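Report on one structure; see the data block that follows.
The values are calculated or read from the model by the stated rules, or taken from the named source; none is laboratory data. Since this is a predicted model, take the numbers as computed values, not measurements. Neighbour counts run over all protein chains shown; Cβ positions are idealised from the backbone, glycine included.
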Amino acid sequence: MDNSLKRPGTRRTYDSLFNKWVLPITETGPIDEAGFYICVNYWKNNSKLAPRTIKILIRLMCNEVKLKYGVDLPRVETTKQIMRNLQEPEIKALSKDNVSRLVEACRNTELFTPVIIALHTGMRRGEVFGLRWGEVDILKREIHVNRSYAGPTKSGKSRVVPISSTLEKELLAIFPMKADNSSKSLVIARNFDPNPGLQGACRRIGIEPINFHALRHTFATLALEAGRSPRKVQQVLGHTALSTTLNCYWSVTQEKMDVEFMA
């Protein structure tokens, strides 16, 4: 299997996909091009597999067959052919009104801080829960995203995320007063799965339940709908390529990013 992955969370996901969908096929013996197409079409017709997951499986299958049997499968051509007619699932993002309602539903719970950070920065779940106070610069109104909770960021690179006035207010309310070792302490003291509580909060206010990653989608969608620069949104989200941001979230383009759009 491909061992180039560095982030533990991503590695665990790939291991799970590999063990379930690829290994049972490749361990029975070499697979030829015809057999490869049969496998890919089976994945394609499995309604539980998203297009991006199928792309990962194609990569894992090709790498494993090359490593184990020295056989080159048509990875690029197959990916283009199979994925051409597949549609990515709709991006789930909250409206501005539902953002306000959700924030109030989470207030005074342990969900509040991770939710407010994700909504105002677009940070990933691991980045939110791995954030340390030493990476929060209130004076400069910026957050230095250097890591995920379990390892490096998804891109392996650090980035700077601006702090909106609303987020600044909420962070100041919980800013540690003790100076001793506070810079190394986590902003969110307990690492927990926010999804059950988040989905429960959505049900209480009568909106479709979402997972934590949808808060990142919400940030990006509202930023672009408000006319923020796609290039700046790309940088804040930490996407390696602008095309990723545009393919996922494109709405309209303006010159300047103003983080007050959700204040």
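Quick notes on this structure:
- Residue-level check: of (1) free of Cβ contacts under 8 Å to residues at least 24 places away in the same chain; (2) assigned to a helix (DSSP H, G or I); (3) touching a helix residue (DSSP H, G or I) at 6+ places or on another chain (Cβ under 9 Å); (4) under 22 Å from Phe129 (Cβ atoms), Leu171 misses just (1).
- Residues in segment 195-217 that are in a helix (DSSP H, G or I) and either outside the structural domain of Val128 (by TED's automatic domain parsing) or among the small types (Gly, Ala, Ser) (or both): Gly197, Gly200, Ala201, Ala214.
- Here the condition is being closer than 21 Å to Asn146 by Cα, aliphatic (A, V, I, L, M), at pLDDT below 90 and assigned by TED's automatic domain parsing to the domain that holds Thr113; of Leu246, Leu242, it holds for Leu242 alone.
- The residue list Ala189, Ala220 contains one member that is buried (at least 21 other Cβ atoms within 10 Å of the Cβ), among the small types (Gly, Ala, Ser), within 19 Å of Pro114 (Cα to Cα) and assigned by TED's automatic domain parsing to the domain that holds Arg101, which is Ala220.
- In segment 53-141, counting only helices (runs of 4 or more DSSP H) that sit wholly within it, the ones holding 2 or more residues that are modelled with pLDDT of 90 or more and over 28 Å from Leu186 (Cα atoms) span 96-106.
- Scanning segment 48-77 for residues that are of a type in the set (S, T, N, Q) and within 23 Å of Cys248 (Cα to Cα) returns a single hit, Thr53.
- Ser182 vs. criteria assigned by TED's automatic domain parsing to the domain that holds Thr218, in contact with a helix residue (DSSP H, G or I) (Cβ under 9 Å, 6 or more places away or on another chain) and closer than 17 Å to Gln235 by Cα: no
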